[in-house]
1. Specify the longest stretch of the chain that does not include any exposed loop site, a site being one of the GluC sites (Glu not before Pro) with a non-H, G, I, E, B DSSP assignment and at most 13 other Cβ atoms within 10 Å.
2. Within 10 Å of each candidate Cβ there may be at most 15 other Cβ atoms; applying that plus a DSSP loop requirement, which trypsin sites (Lys or Arg not before Pro) in region 121-192 survive?
3. Test of understanding: what is the full-extension gain from residue 233 to residue 67, defined as 0.36 nm times their sequence separation minus their Cα-Cα distance?
4. Could you give me the ³J(HN,Hα) list for region 25-33, computed from phi with Karplus coefficients 6.51, -1.76, 1.60 and θ = phi - 60°, whole Hz, x at Gly and Pro?
5. With the Cα gyration tensor of region 230-300 giving a ≥ b ≥ c as the square roots of its eigenvalues, does the rule (a/c under 1.5 for rounded; else a/b larger than b/c for prolate; else oblate) give rounded, prolate or oblate?
6. Run the simple label-point estimate for residue 135 and residue 160 please: 7 Å along Cα→C-beta, distance reported in nm.
7. Which chymotrypsin sites (Phe, Trp or Tyr not before Pro) in region 68-115 sit in a loop by DSSP (not H, G, I, E or B) and have at most 13 other Cβ atoms within 10 Å of their own Cβ?
8. Can you give the Kirkwood hydrodynamic radius for region 96-167, in Å, rounded to one decimal and based on Cα pairs?
Amino acid sequence: MSKYLLPCLVSLASLSIAQAQNSPGVSIDDFVLGHDDANAPSAKLQYGAAGEMDFDDIDDSFSHSRLLLEIPLGGLIPINDCNALSIGLRYEASWLETDTFLGDQSLHDARVNFTWMHHQAGSQWSFLASLSPGLSSDLDGVDGDDFSVNGKVGFRYEFNDRFALIAGMGIDNTTGDRSLFPAVGFQWRPLDDVHLALLGATFTATWQPHSDWLVRCGVWPGGGVWNVEHHGDSFDVSLRSYRAAVGVERRLGEKVWLSVWAGTTLANSLEIETDSGGDIFDEDAEASWFFNVGLRVAAW
């Protein structure tokens, strides 16, 4: 079955993103700096793992691995000349190995992303708002505690074809926190083959030395918040972790890229709370190695 699954996902992703790019009115072009390989919106399939992270104050540790799938569901849906809607799917399976009383956990984060985009022809301003309802759970005794909502709202101001300022606020479980946080970012292309971007909690710098190669470095959140059941009790597990890594991407086809990343984890912590908010476990942890390998299907 896996022999046919990946080609089907690649075909669906390629068609969906192409439709989004070519939709009349609002388009992806209104939210990126040019048609670069470095910044092409993409469908993704990735696997990543981090080694054991020792807790600072106790003689225990934990490790974390994950499988991530992000794919658009159709192209942009035009509302009028200035507004459009996009829908996408994000699924993440995580394996958290701990020495805590919860033991090892298989965790799931499934979301449907609804994104509204606004841009008026000729304007330097663009606006975006997204809502991502879903489940964040071990899928044992699913109830209202397993329901999660992520989202963001913000604006983009394009000064010229090389620099754009971005600002807004949002909620994202991958930071390990369900709080609303403000964010200021940018898109910058100082040279034709160099692209830098700060989007929310994610920073990426990309250099393209050859048309078929990309060299990247970046920092991004790699945590999560899940509701789990243990012996009939409900707990919230919050993993806070950031990845700092260097990556290389190789073009396999016209729009298909293979990526390999390696680096370290930063600012690690693991927190376990009761469903009423009582703190049971809260420990910071040391850094560890990290790697990530994946495929992506680019919009162009």
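The values are calculated or read from the model by the stated rules, or taken from the named source; none is laboratory data. Quantities reported herein were computed from a predicted structural model and do not represent experimental measurements. Because the Cβ atoms are built from the backbone with ideal geometry, glycine has one as well, and the counts that use them run over all protein chains shown. The protein model used for the area step is the full one, side chains on, heavy atoms only, and it has no ligands, DNA or RNA in it. Shrake-Rupley method; radii C 1.70, N 1.55, O 1.52, S 1.80 Å.
1. Working: sites that count: 254, 286.
The longest such stretch corresponds to 1-253.
2. Details: sites: 152, 156, 162, 178; in loops: 162.
Passing sites in region 121-192 are 162.
3. Details: separation 166, 0.36 × 166 = 59.76 nm, distance 2.69 nm.
Length gained, residue 233 through residue 67: 57.1 nm.
4. Once rounded to whole Hz, the list reads x, 5, 9, 4, 4, 6, 10, 9, 9.
5. Working: a/c = 4.39, a/b = 2.19, b/c = 2.00.
Note, shape of region 230-300 comes out prolate.
6. 5.1
7. Numbers: sites: 91, 95, 101, 114; in loops: 101.
Sites meeting the loop and neighbour criteria: 101.
8. Numbers: mean 1/r = 0.0649 Å⁻¹.
Answer for region 96-167: a Kirkwood hydrodynamic radius of 15.4 Å.
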